[in-house]
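This is the structure I have questions about; it appears just below.
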Amino acid sequence: MMQSRMPKSARHLFFGVKRVVMRESMPRMPLAESLVARAKEFFDKHATDGISPGDVASHLGVSRPLLDLRFRETQNTSVGRLITETRLSEVARKLRETRLSIATIQETCGFKNANALKNLFKRRYNMSMREYRDSCRGSASGTA
């Protein structure tokens, strides 16, 4: 009836790559740098909302350890440290440019603990927040 035949062995064809064409839709930066750029964009908008590194990782859809690894590779710092620096810069700006109370500034910049902010600020700027505000006012009035 039916003859059984052995199947022919599969043929594999190999072609060499001549060149890679870059298209507009292709990402221009490596994945690690792209992830870090997206993270910075997110916490520039939300750093004073009291976000944590875990919130940034969740927003980006990656694990916290991977996010920290990518930041250490590309920025030589951690996500948490960068968020803290962003918040401290905002505290310093508000001390220079507004007459808001220190307690209000602490709250609006996402710091829940007043003592932690006091210690971080003193470590970063080598003076208390009140001294910083007074020195900025003194230099502004001295130049006018």
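The values are calculated or read from the model by the stated rules, or taken from the named source; none is laboratory data. Nothing here was measured: the structure is a model prediction, and the numbers come from that model. In this analysis, Cβ positions are derived from the backbone assuming ideal geometry, glycine residues included, and neighbour counts consider all displayed protein chains.
Just to be sure before I move on: is residue 73 acidic (Asp, Glu) and at pLDDT 90 or above in the structure I sent? Break it down into steps so the answer makes sense when it comes.
Values: acidic (Asp, Glu): yes; at pLDDT 90 or above: no.
So residue 73 does not fit the description; no.
Also, quick follow-up: Mind listing whichever residues of region 94-113 are under 13 Å from residue 133 (Cβ atoms) and of a type in the set (A, V, I, L, M, F, W, C)?
Passing the criteria: 95, 100, 102, 105.
Right, next: If you go through region 104-138 one residue at a time, how many are of a type outside the set (Ser, Thr, Tyr), over 26 Å from the mean Cα position of the chain (by Cα) and surrounded by 12 or more Cβ atoms within 10 Å (Cβ to Cβ)?
Taking region 104-138 first, the residues of a type outside the set (Ser, Thr, Tyr) are 105-107, 109-124, 126-127, 129-131, 133-134, 136-138.
Filter once more, keeping what is over 26 Å from the mean Cα position of the chain (by Cα): 127, 130-131, 133-134, 136-138.
Checking which are surrounded by 12 or more Cβ atoms within 10 Å (Cβ to Cβ) leaves us with 127, 131, 133-134, 136-137.
Total satisfying the criteria: 6.
Right, something else. Go through (1) over 22 Å from the mean Cα position of the chain (by Cα); (2) under 29 Å from residue 31 (Cβ atoms) for residue 71 and report which single condition fails.
(1)
Give region 122-135 a look and list any residue that's in contact (Cβ under 8 Å) with a residue 24 or more places away in the chain and either in contact with an Asp or Glu (Cβ under 9 Å, 6 or more places away or on another chain) or outside any helix (DSSP H, G or I) (or both), or say none.
The initial filter retains those residues of region 122-135 that are in contact (Cβ under 8 Å) with a residue 24 or more places away in the chain, namely 124-125, 129-130, 132-133.
Once the filter is applied, which keeps residues that are in contact (Cβ under 8 Å) with a residue 24 or more places away in the chain and either in contact with an Asp or Glu (Cβ under 9 Å, 6 or more places away or on another chain) or outside any helix (DSSP H, G or I) (or both), region 122-135 yields 124, 125.
If you don't mind, another one. Of 61, 110, which residue is at pLDDT 90 or above and either in contact with a His (Cβ under 6 Å, 6 or more places away or on another chain) or at positive phi (or both)? Show your work before the answer.
Values: 110 fails: at pLDDT 90 or above.
Within the list 61, 110, the selection yields 61.
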